[in-house]
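What follows is a single structure, written as structure tokens, with notes after it.
The values are calculated or read from the model by the stated rules, or taken from the named source; none is laboratory data. Quantities reported herein were computed from a predicted structural model and do not represent experimental measurements. Methodologically, a virtual Cβ is constructed for each residue, glycine included, from the backbone with ideal geometry; neighbour enumeration extends over all protein chains shown. Ligands, DNA and RNA are excluded from the accessible area calculation, which covers all protein heavy atoms including side chains. Shrake-Rupley method; radii C 1.70, N 1.55, O 1.52, S 1.80 Å.
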Amino acid sequence: MSADQLTQHLASGSCHLFDAGCGFPAPGLNEFQFNPIFTVAGVGFNKPMLLSMVAALLVIVFFWVAFAKPKVLPGKLQLVGEIGYDFVKRSIVLDTIGKKGEKYVPMMVSMFFFVWIMNIMSVIPFAQFPVTAVIAYPAGLAAVVWITYMTLTFKKHGFVGGLKNLCWPSGIPGWVMFILVPIEFFSNIFVRPFTLAVRAFANMFAGHLLIVMFSIASWYLLSPSLGALYATTSFTVTLGLTAFELLVQFLQAYILVMLASSYIAGALEESH
């Protein structure tokens with residue numbers, strides 16, 4: 001019996017632990033591969049694309065409605081928007097960059113809520129998939145951060161000064177520079193965008209895979225006998241993982257924006 005047949009058999013409700021010839025259909029990479037909903041000019045539009053657009057639209061519409069007609073005494077929607085905006089502004093951007101970070105607050109607020117909502121999609125019925133579990137999306141965001149970081153570095157310091165800012169730490173003995181400069185260059189130019197993308201991707205990928213595995217196991221283990229105890233345990237683990245995942249989803253958005261802010265802060269500093 002193929003993996004697809006096993007999955008269909010399990011979904012039909014006739015596949016359980018004590019059924020002969022019915023193995024556990026463990027989830028794999030197929031959980032992250034989606035058939036196109038429709039195709040335009042040879043490009044398939046799939047579920048993660050749809051969810052990312054929904055996430056972006058939600059962020060735009062929410063803040064548009066919340067601040068379209070701001071009042072001195074804010075209504076509920078404006079109040080929620082102000083709390084979210086001030087959280088990112090004060091707790092992340094200004095705390096990391098300082099007063100120079102004022103002009104970058106809109107970018108960071110947009111990025112924070114966009115990433116957070118894409119992550120939350122994993123626990124929303126019918127969506128049930130974290131968009132950032134597809135590497136292209138965190139990689140795209142990391143590219144935006146890296147381009148901003150590089151642009152600000154060379155705009156602020158010029159070409160030579162920008163290279164010095166990236167590669168030449170201050171207060172370090174000259175004889176150490178022979179080893180340290182290549183390491184700093186490689187770290188700032190290549191490692192930073194790579195780790196920024198992989199960090200967000202790997203956590204969402206692993207979390208989604210675990211939730212799917214224990215969800216399937218809850219049904220697979222269910223039976224009128226001892227299997228009911230196994231199924232209950234698996235379902236309890238699923239609930240615990242989902243609650244933990246809600247925390248991780250927020251933290252990943254927070255960490256991504258915090259790191260982006262720290263890179264911008266480094267670009268704006270007078271010295272490395």
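Taking the conditions exactly as written (at pLDDT 90 or above, under 29 Å from the mean Cα position of the chain (by Cα) and of a type outside the set (Asp, Glu)), does PHE201 satisfy them or not? In short, yes. Being assigned to a helix (DSSP H, G or I), closer than 30 Å to LEU50 by Cβ and open to solvent by 40 Å² or more (accessible area, probe 1.4 Å): is that true of PHE178 here? Against the criterion (assigned to a helix (DSSP H, G or I), closer than 30 Å to LEU50 by Cβ and open to solvent by 40 Å² or more (accessible area, probe 1.4 Å)), PHE178 does not qualify.
Consider the range 12-69 and keep the residues that are polar (S, T, N, Q) and under 23 Å from the mean Cα position of the chain (by Cα). The one that is modelled with the lowest pLDDT is ASN30. Evaluated against (1) farther than 24 Å from ILE135 by Cα; (2) in contact (Cβ under 8 Å) with a residue 40 or more places away in the chain, SER262 falls short on exactly one condition, (1).
Consider only pairs whose beta carbons are under 7 Å apart and that are at least six residues apart or on different chains; among these, list those whose first residue lies in the range 99-124 and is closer than 17 Å to ALA142 by Cβ and whose second residue is among the hydroxyl-bearing types (Ser, Thr, Tyr) and open to solvent by less than 10 Å² (accessible area, probe 1.4 Å). Here the result reads MET108/SER261; VAL115/THR132; MET118/THR132; ASN119/THR132, each pair linking the range 99-124 to a residue that is among the hydroxyl-bearing types (Ser, Thr, Tyr) and open to solvent by less than 10 Å² (accessible area, probe 1.4 Å).
The rows are residues; the columns are (1) assigned to a loop (DSSP other than H, G, I, E, B); (2) farther than 20 Å from PHE24 by Cβ; (3) of a type outside the set (Val, Ile, Thr); (4) open to solvent by 50 Å² or more (accessible area, probe 1.4 Å).
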| position | (1), (2), (3), (4) |
| --- | --- |
| LEU210 | no, no, yes, yes |
| PHE214 | no, no, yes, yes |
| SER223 | yes, no, yes, no |
| THR233 | no, no, no, yes |
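Of a type outside the set (Lys, Arg) and in a helix (DSSP H, G or I): is that true of PHE129 in this structure?
On the way: of a type outside the set (Lys, Arg): yes; in a helix (DSSP H, G or I): no.
Criteria not met by PHE129.
Does the range 221-241 hold any residues that are hydroxyl-bearing (Ser, Thr, Tyr) and out of contact with any helix residue (DSSP H, G or I) (no Cβ under 6 Å at 6 or more places or on another chain), and which are they? Within the range 221-241, SER223, SER225, THR232, THR233, THR236 meet the criteria.
Evaluation of SER91 against the conditions (1) within 20 Å of LEU246 (Cβ to Cβ); (2) in a helix (DSSP H, G or I); (3) in contact with a Leu (Cβ under 8 Å, 6 or more places away or on another chain) shows that the sole unmet condition is (3). Restricting the range 32-75 to residues that are over 16 Å from ALA136 (Cα atoms) and charged (D, E, K, R) leaves a set whose member that is least open to solvent (accessible area, probe 1.4 Å) is LYS71. No other residue among LEU268, LEU229 is farther than 21 Å from ASN119 by Cβ, more than 24 Å from the chain's Cα centre (by Cα), open to solvent by 50 Å² or more (accessible area, probe 1.4 Å) and hydrophobic (A, V, I, L, M, F, W, C) apart from LEU229.
Somewhere in the range 241-258, is a residue part of a helix (DSSP H, G or I), within 24 Å of GLY98 (Cβ to Cβ) and of a type in the set (Gly, Ala, Ser)? Yes: the range 241-258 contains one or more residues that are part of a helix (DSSP H, G or I), within 24 Å of GLY98 (Cβ to Cβ) and of a type in the set (Gly, Ala, Ser). Residue check: is ILE147 assigned to a helix (DSSP H, G or I), closer than 30 Å to LEU209 by Cα, out of contact with any Lys or Arg (no Cβ under 8 Å at 6 or more places or on another chain) and open to solvent by 30 Å² or more (accessible area, probe 1.4 Å)? No.
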